[in-house]
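Here's the structure we're looking at; comments come further down.
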Amino acid sequence: MLSHNSQRQDERLIIGITGRIGAGKTSVGKYLESKYGFFYIRYSQVLSDWRAQNSESRAHLQAVGWEVMAGGMQQELNDRLISRLESRGGCVVDGLRHPIDFENLSAAFPSTFRLLCVESPEEMRWRRLKERYPELETFRRADSHPVEQHINSLCERAFAVLKNNGTLRELYAGVEAVFSKIRLGDPS
């Protein structure tokens, strides 16, 4: 059983998730939401509410995301996201794309923010998204969009990298192992 202090820290954990499209970020975030009651939010939702007129189109969101990144507005996006987290308990933030995202969340929640990176082979990611991207080349164009350019550097800064190259059950077991380390304060 967790001590009272550990429970309070768990309630305020902010877990960021990064990874390439189709890697399984949403699966990880939704798992933490359903199993542990985390508030789940996507960067794309904040972006959509702010700049994309509630668009659900990935291509449109990528274009608007690039406009924000290239236009020096990433700080504003982060301010908007962080304001949605401040009055909440534990939160999962899906879709970090820029080093500023990591820096802002680390600064806003210095002792409780942890970044997870979800990795999966290209072929598996494409198969998961084949309905949206029927052709591999179309998927590759979306995956190499400029808004996706910082993901590898974010993964290098992650608390943990989850390999998603098996079943959902295996992914969730990996989430549990990493979450146990986070709750115990294990720095590795």
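Yes/no per residue for (1) closer than 22 Å to Tyr31 by Cβ; (2) free of Cβ contacts under 8 Å to residues at least 40 places away in the same chain:
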site	(1), (2)
Arg141	no, yes
His145	no, no
Phe159	yes, no
Gly174	yes, yes
Val178	yes, no
Arg183	yes, no
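Given Ser83, Ser44, which one is within 12 Å of the chain's Cα centre (by Cα) and hydroxyl-bearing (Ser, Thr, Tyr)?
Ser44
For the stretch 128-138, give me each residue that is more than 20 Å from the chain's Cα centre (by Cα) and outside any loop (DSSP other than H, G, I, E, B).
Leu136, Glu137, Thr138 - these are the residues of the stretch 128-138 that are more than 20 Å from the chain's Cα centre (by Cα) and outside any loop (DSSP other than H, G, I, E, B).
When the residues of the stretch 145-162 are filtered to those that are among the charged types (D, E, K, R) and closer than 22 Å to Ile182 by Cβ, which remaining residue is surrounded by the fewest Cβ atoms within 10 Å (Cβ to Cβ)?
Residue satisfying both the conditions and the ranking: Glu156.
Give the stretch 76-116 a look and list any residue that's assigned to a loop (DSSP other than H, G, I, E, B), more than 19 Å from Val178 (Cα to Cα) and of a type in the set (Gly, Ala, Ser), or say none.
Ser87, Gly89
Evaluate the stretch 48-70: report whether one residue or more is hydrophobic (A, V, I, L, M, F, W, C), closer than 30 Å to Ser180 by Cα and either in contact with a helix residue (DSSP H, G or I) (Cβ under 8 Å, 6 or more places away or on another chain) or in a helix (DSSP H, G or I) (or both).
So far as the stretch 48-70 goes, no, none of its residues is hydrophobic (A, V, I, L, M, F, W, C), closer than 30 Å to Ser180 by Cα and either in contact with a helix residue (DSSP H, G or I) (Cβ under 8 Å, 6 or more places away or on another chain) or in a helix (DSSP H, G or I) (or both).
No value in this document is a laboratory result; all are computed from the given coordinates. What you are looking at is a predicted structure, and each value in this text was computed from that prediction instead of being measured. Note that we place each Cβ from the backbone using ideal geometry, even for glycine, and neighbour counts take in every protein chain shown.
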